Structures are given as C-alpha cells and as structure tokens.
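**Q** Quick one: the structure is below, questions incoming.
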Ligand code: FES
C-alpha cells in the first residue's frame, strides 16, 4: 500500500497518512448508479411485456410489403381468419369460399390484432373488435374500420394472393 502524504504539513515534521483523499464531489455515487441501472432494467422488462405494435406509424394502412404474399385457403377457417404478422395483414373467410383481407394494425393506437374468432378480429390492447366481413368497428375504442387489402383467389381455389 502506498502512503498518502498530506500536501500541507503543519510543522517541521513530515506527516503521513494511510487515508486517501475524499472522493471528488462530482460524479455519481454507488447508490445513484444502482438506482439508474434498476430503472433501465425495469423499462426493458416492461417493453418486453407490451403487446406487439406497428412501428411504421401508418395505423390503418396495410404494410407495403404485403403485395404478392400467398396464403393457402386451407389456412383460413370459415367464419374466422388468419393473421399474417410479418406483413401486418389479416385474411378472413366470412362465408364459405369468400375471402377478405384487411390491415392487421388497429386504428386505435396501432397495436397488431391478435385473434380472429366468432366473426370478429380482436385487438388485445384496449379491446377493439372489427368485422371479418368488412373490417368495420364492432366495439371498443377504435375510431375507424380496418382498411381493406385487395386480394385474388387462384382459379382452383387453393391459394389467395394479396395485391
Ligand atoms: S390499439 Fe387496438 S384497441 Fe387500442
């Protein structure tokens, strides 16, 4: 250990000390660092629990990358639908052999819809529900219907292509 020498001795004798000088007044204390680290960890944990949201800021409009996406009609149940999360589109079959597609981005605050059941497309964030037939609002806080996405069905009825 290196001895600390007081820079201003008060007498002719040399004074030594093993106590280092006090930490500078500026800079975070250990407690401040631990509290800040905890706040960052809590924020990250909350973000991980949040429902999926669209980050493109274009709530209500279909993803531009959806065009050309192909879905098997066998994957779209009658009276229900399938959510294509990667292209933010929901494809429905309101009645046998009739297919519809809508943006999967809720018109309320931009969450992705999470479920299609009982004739409704459900948003998990605040409970909005949309019709599988025309995307209209059935309930909840959504201010506008889901926008329709054009599609075509193959001549043999086996696939749907978004356009
Ligand atoms: S974002 Fe869908 S109900 Fe609020």
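**Q** With a Förster radius of 35 Å, plug the Cβ-Cβ distance of residue 144 and residue 74 into 1/(1 + (r/R0)^6) and report the FRET value to the nearest 0.05.
**A** Efficiency for this residue pair is about 0.65.
**Q** At q = 0.16, 0.18, 0.20, 0.22 Å⁻¹, work out log10 I(q)/I(0) for the range 64-162 with the Debye formula, treating every Cα as an identical point scatterer and leaving solvent out; two decimals please.
**A** Here log10 of I(q) over I(0) equals -0.57, -0.72, -0.88, -1.05.
**Q** Sticking with the crude label model, points 7 Å out along Cα→Cβ, report the distance from residue 67 to residue 118 in nm, one decimal please.
**A** 3.8
**Q** Decide, for the range 101-147, between rounded, prolate and oblate: order the square roots of the alpha carbon gyration tensor eigenvalues as a ≥ b ≥ c, take rounded if a/c falls under 1.5, and otherwise choose prolate if a/b is larger than b/c, else oblate.
**A** In terms of gyration-tensor shape, rounded.
Any read-out appearing in this document is the output of simple, stated calculations on the displayed coordinates, not a laboratory observation. All of these numbers come straight from a predicted model, not from anything done at the bench. A quick note on method: Cβ atoms are made from the backbone with ideal geometry, for glycine too, and the neighbour counts reach across all protein chains shown.
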